[in-house]
Amino acid sequence: MKRNKEVGLHSVGEVFDTETLVLYPMFKDGTADYDYPSCLEDAENEWYRQLDKDDLLIVHIAVIHRMKVENSLSKLLTKKKGESAI
């Protein structure tokens, strides 16, 4: 069963959840093996070198999006703290 926000990274044989930045091994039929998740943060340099251009772009966009979301949340929380001090 394919979940929302998942993309097959065929160059490395993994399914990538672009929302959580979690990787799952890919079965031959293209589905994810949810029993063996791994964090993108734990990926080795060699893994990145194996990505083709399209897959690298997918990973890059997902990471940038995640950074923007986290930055926005951080700003919102900082603003809320400042308001409660008044």
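Annotations for the structure displayed:
- Scanning the range 5-39 for residues that are among the aromatic types (F, W, Y) and buried (at least 17 other Cβ atoms within 10 Å of the Cβ) yields F16, Y24.
- Complete set of residues in the range 16-60 that are touching a residue at least 40 places away in the same chain (Cβ under 8 Å), under 19 Å from N4 (Cβ atoms) and aliphatic (A, V, I, L, M): L21, I58, V59
A short reminder: the numbers here are calculations on the coordinates, not readings from a lab. Just so we're clear, the structure is a prediction, and the values are computed from it rather than from any experiment. Cβ coordinates were reconstructed from backbone atoms using ideal geometry, including for glycine residues, and neighbour counts include every protein chain displayed.
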